[in-house]
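> Pasting in a structure now, in structure tokens, and then I'll have a few things to ask.
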Amino acid sequence: MDRDLTEEERQALVAQIERIREEHRDLDAAIAALYDAGQAADRLQVQRLKKRKLALRDKLALLEDQLTPDIIA
């Protein structure tokens, strides 16, 4: 990013990161619940949840990078 974030932008990013982390945890719980149901877990549903979880992880990494200032070594 070419400029520093304002405090409001930083707070908005932090709030968005927390929402994504919460959704990521919720997906973990949903996947675990499907496995714990004892039935042959709906593989397509599990696959979709895992794919969503990976997308959230990627988005989370991008947002966290925006919070971290660039350091030239």
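> Enumerate the calculated ³J(HN,Hα) couplings along segment 18-32 in order (Karplus 6.51 cos²θ - 1.76 cosθ + 1.60, θ = phi - 60°), each rounded to whole Hz, writing x wherever the residue is Gly or Pro.
For segment 18-32, the Karplus-derived couplings read 5, 5, 5, 4, 5, 5, 4, 5, 4, 5, 4, 5, 5, 5, 4 Hz, x marking Gly and Pro.
> Once you have the Cα-Cα distance between residue 8 and residue 30, take 0.36 nm times their residue separation minus that, and quote the gain in nm to one decimal.
Details: separation 22, 0.36 × 22 = 7.92 nm, distance 3.30 nm.
Full-extension gain reported as 4.6 nm.
Values in this text are rule-based calculations from the coordinates and carry no lab data. As the structure is a prediction and not an experimental result, all values here were calculated from the model.
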